[in-house]
Amino acid sequence: MKNPFAKLTTSEKIKVAVAAAVIAILLFMPIGFLLRGGWSGVGARWISEIVSRVVSSTRSQGSSASSAFVTLDEPYEQSASFQASEVRNLDLEWRSGSLSVVPGTGDRLVVHVEVPAGSYELDPLKASFTMRGDTLVVDDGLPSDTRGKDYPPMRLTVELPAGKDWSLEDVAIASVSSDAELIGVACDSVTLDSVDAQYKIEGIDARTVTCNGVDESVELSGRVAERLEFNTVDGTQTLALIDGLPKELAVSSIDAVTNLSLAKGSGFTLDVTEATIDVQSELGEGLERTGEGMYVYGDGSSHVTIDGLDASIHLTWM
């Protein structure tokens, strides 16, 4: 029997995944969960964000892709540098391949694109670096709707200026399918929107981090001061917050796993949907169940909320 999804475009597959998630929520969400207010608006906002992402990407990129192959006899490289004082925000539209945001050694912000030699169904030579006000927009120039064609294995590296006196305000990354790492990034907020992506976030120092995705894997270590939020279908979050929990940690998910490693002395209040969330704790006797779906550890100062379907949270010490 032929796979009915084989000929769907990437955009169509995203829409199918989102539709399936919505149907699952409507059909299988426990009545008691709905009476409690569901996801308190978070789930609805998440679905809206993903659908908006799909629609806006398709609209901005169009639906056509050239049928001719682009052949590179040698590896292709493209670079640009920007004065540190001019860049306050990063907006990375990198649909596939890999990307890295890492500390540099100079006093300028450097962007570097690499494409290996080979023949590609989609043109890998259309990447652009554009300043819009104080925001640096990096776009790989590829369509979101590939008509079944493979993305080229493009690599993006953003080297941040050296020194502790400079930091970003907002970092936004949108991806269809990519491997990404953010190393030693200091900023106000980070937003990740993706489908089938893997993120390694190491040594982060941010006020807020928000991850929206389908089949998204995130490994995060460092410090998030105010709010850390995950809205995902079939994803895994592995969190090691060395300076303790943020004031709020919220996970809204379907069939997702959250592994939370805590620093000694972390206090939190845990609010879960017990009918659909499996809580596994290795914290010892300090975790106290105070009511249906309510747990407290220590001073309860951080608020952790886990909502969703067929999900789990695993609590351990670092």
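Filtering the range 230-253 to residues that are open to solvent by less than 10 Å² (accessible area, probe 1.4 Å) and within 12 Å of the chain's Cα centre (by Cα) leaves 230, 231, 232, 235, 237.
Selection of the range 297-318 for residues being farther than 18 Å from residue 243 by Cβ and open to solvent by 40 Å² or more (accessible area, probe 1.4 Å) yields 310, 314. Within the range 181-214, how many residues turn out to be touching a residue at least 40 places away in the same chain (Cβ under 8 Å) and acidic (Asp, Glu)? Going through the range 181-214 one residue at a time, the tally reaches 2. Do we have any residue at all in the range 299-309 that's within 16 Å of residue 224 (Cβ to Cβ) and either part of a loop (DSSP other than H, G, I, E, B) or more than 25 Å from the chain's Cα centre (by Cα) (or both)? Scanning the range 299-309 turns up at least one residue that is within 16 Å of residue 224 (Cβ to Cβ) and either part of a loop (DSSP other than H, G, I, E, B) or more than 25 Å from the chain's Cα centre (by Cα) (or both). Any residue at all in the range 245-253 that is without any contact (Cβ under 8 Å) to a residue 24 or more places away in the chain, of a type outside the set (A, V, I, L, M) and over 19 Å from residue 281 (Cα atoms)? No, the conditions are met nowhere in the range 245-253.
For a quick check of your reading of the model, give me the residue pairs whose first member lies in the range 112-133 and is without any contact (Cβ under 8 Å) to a residue 60 or more places away in the chain and within 25 Å of residue 170 (Cα to Cα), whose second is of a type in the set (Val, Ile, Thr) and in a loop (DSSP other than H, G, I, E, B), with beta-carbon atoms closer than 9 Å and at least 6 apart or on different chains. Listed by first residue and then by second, the contacts come to 131/87. Being open to solvent by 60 Å² or more (accessible area, probe 1.4 Å) and more than 26 Å from residue 205 (Cα to Cα) is a property that does not hold for residue 121. Of the residues that make up the range 166-183, is at least one among the hydroxyl-bearing types (Ser, Thr, Tyr) and in contact with a helix residue (DSSP H, G or I) (Cβ under 6 Å, 6 or more places away or on another chain)? No - not one qualifying residue is present in the range 166-183.
Each row is one residue, and each column tells you yes or no for (1) within 9 Å of the chain's Cα centre (by Cα); (2) under 28 Å from residue 143 (Cα atoms).
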{"residue": "170", "(1), (2)": "no, yes"}
{"residue": "184", "(1), (2)": "no, no"}
{"residue": "188", "(1), (2)": "no, no"}
{"residue": "194", "(1), (2)": "yes, yes"}
{"residue": "198", "(1), (2)": "yes, yes"}
{"residue": "223", "(1), (2)": "no, no"}
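Of all the residues in the range 126-152, those that are in a loop (DSSP other than H, G, I, E, B) and surrounded by fewer than 15 Cβ atoms within 10 Å (Cβ to Cβ) number 5.
The values are calculated or read from the model by the stated rules, or taken from the named source; none is laboratory data. Here the structure is a predicted model, which means the values were calculated and not measured. Cβ: placed from backbone, ideal geometry, glycine included. Neighbour counts: every protein chain shown. Only protein heavy atoms, including side chains, enter the accessible area calculation; ligands, DNA and RNA are left aside. Shrake-Rupley method; radii C 1.70, N 1.55, O 1.52, S 1.80 Å.
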